[in-house]
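Let me begin by presenting the structure, written as structure tokens, before commenting on it.
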Amino acid sequence: MNDTELDELLDKWSAPPTPVSLRENVRSGFAASVEPRTSPSMQHWIAAFMPSARKRLVAAAILGAGAFLLIVTQAFPQMLRLVSPAVHIPYTVDSEFLRYGDNGSSSIQPHRIQMYSRSYNLNGREIMLSRSLPGNPFGTALRQVLDLLANRQQPLPPDNVFFHGQR
Amino acid sequence: MPLFRFAYRLTGSVADAEDIVQECFLELLRPACSYDPGRTSVRTYLFGVVRNQSLKRWRKNDLAEEDVGGDSMPARHDRSPEGEVLRTELEDVIARAVKQLPETQREVLILAHYEQMPLAEIGRVMALDLGAVKSRLQRARASLKETLAAYAPGLERRR
């Protein structure tokens, strides 16, 4: 038998046609693999990216909480009692902290206002509810968050709340 | 579809070939897929996957059929009703002769003769160097010439 005869003989072994179901199954397999579900492949993907995703999630949560506190303290300074229901504040005092002129002038210069504050008195101690620093939004936010956290630690004040007046 | 034909000729079963080819395509979507476009073409990679999967099934089926003392190729082919109609006695003889070849010779022959794959690409699919591919193909053809000598087309015409 020569090579040509062998080739002719081998050609007589034909393969059946590709089943139609094969194409359909492959198509449906591809479609299933791109569906948004937690498949083993998706779990692998999530596991691979989880460390960085977790860090981002924690960072986003911290930023979100900070923004929330800022908005609450800025918009509803009197509502702290909701956050700390044990504290009952009948009156608050708004104050302006000023700096006098370098030459010793006692005249009030509005552009030298250092801080606005809202506070109340507790057993002779001034408890800050909120503070804002004109022209310093970052400092304002920081102080408001710190005040909020500090106020959560205060015990229930008595009914006598004193008026401080302007300084 | 060349992949289906290749899988069918390696396993002798339409159902197994279908499963293997389907699995082979879906393998590409898996995150753990080892396909590297920089190393090889998709075609070569897919033929390699089909080859490995077919070998696994071939060995499993071969062992199972050895246990019951049957001959694997016709028995597996009988599962397909279409195959029963299309298959001739001569096809069975050729299929058996190819099946009896050693594993690597059988794969090289199928890829080279039936899929018309270049020898260099066969080498990449099977992780063999070109010389090894050539020698296995030569040995496979020589062995088949001997086994199928009685069925040579010249002899048929002379009969």
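The values are calculated or read from the model by the stated rules, or taken from the named source; none is laboratory data. Keep in mind it's a predicted model, so treat the numbers as computed, not measured. Cβ placement follows ideal geometry from the backbone for every residue including glycine, while neighbour counts extend to all protein chains displayed.
When B:116, B:138, B:105 are screened for being free of Cβ contacts under 8 Å to residues at least 40 places away in the same chain and in contact with a Lys or Arg (Cβ under 8 Å, 6 or more places away or on another chain), only B:105 passes. Residue B:13 meets all of the listed conditions (1) among the polar types (S, T, N, Q); (2) surrounded by fewer than 17 Cβ atoms within 10 Å (Cβ to Cβ); (3) touching a residue at least 24 places away in the same chain (Cβ under 8 Å) but one, namely (2).
Which one is surrounded by the fewest Cβ atoms within 10 Å (Cβ to Cβ), of the residues in region B:110-123 that are among the aliphatic types (A, V, I, L, M) and more than 13 Å from residue A:10 (Cα to Cα)? Checking each candidate, the answer is B:120.
The rows are residues; the columns are (1) β-branched (Val, Ile, Thr); (2) within 30 Å of residue B:88 (Cα to Cα); (3) part of a loop (DSSP other than H, G, I, E, B); (4) modelled with pLDDT under 85.
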residue: B:8; (1), (2), (3), (4): no, yes, no, no
residue: B:15; (1), (2), (3), (4): no, yes, no, no
residue: B:18; (1), (2), (3), (4): no, yes, no, no
residue: B:36; (1), (2), (3), (4): no, no, yes, yes
residue: B:44; (1), (2), (3), (4): yes, no, no, no
residue: B:47; (1), (2), (3), (4): no, yes, no, no
residue: B:50; (1), (2), (3), (4): yes, yes, no, no
residue: B:57; (1), (2), (3), (4): no, yes, no, yes
residue: B:66; (1), (2), (3), (4): no, yes, no, yes
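Given the criteria among the aliphatic types (A, V, I, L, M), under 29 Å from the mean Cα position of the chain (by Cα) and modelled with pLDDT under 80, does residue A:142 qualify? Considered against the rule, which asks whether it is among the aliphatic types (A, V, I, L, M), under 29 Å from the mean Cα position of the chain (by Cα) and modelled with pLDDT under 80, residue A:142 comes out as no.
In this entry, residue A:35 passes the filter for residues that are at pLDDT below 65 and under 26 Å from residue B:1 (Cβ atoms). Determine, yes or no, whether residue B:157 is in a helix (DSSP H, G or I), charged (D, E, K, R) and at pLDDT 90 or above. Judged against the criteria, residue B:157 is not a match.
To keep it simple, each residue is scored yes or no on (1) outside any loop (DSSP other than H, G, I, E, B); (2) at pLDDT 75 or above; (3) surrounded by fewer than 19 Cβ atoms within 10 Å (Cβ to Cβ); (4) more than 14 Å from every other protein chain (Cβ to nearest Cβ).
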residue: B:22; (1), (2), (3), (4): yes, yes, no, no
residue: B:26; (1), (2), (3), (4): yes, yes, yes, no
residue: B:33; (1), (2), (3), (4): no, yes, yes, no
residue: B:79; (1), (2), (3), (4): no, no, yes, no
residue: B:98; (1), (2), (3), (4): yes, yes, no, no
residue: B:101; (1), (2), (3), (4): no, yes, no, no
residue: B:104; (1), (2), (3), (4): yes, yes, yes, yes
residue: B:108; (1), (2), (3), (4): yes, yes, no, no
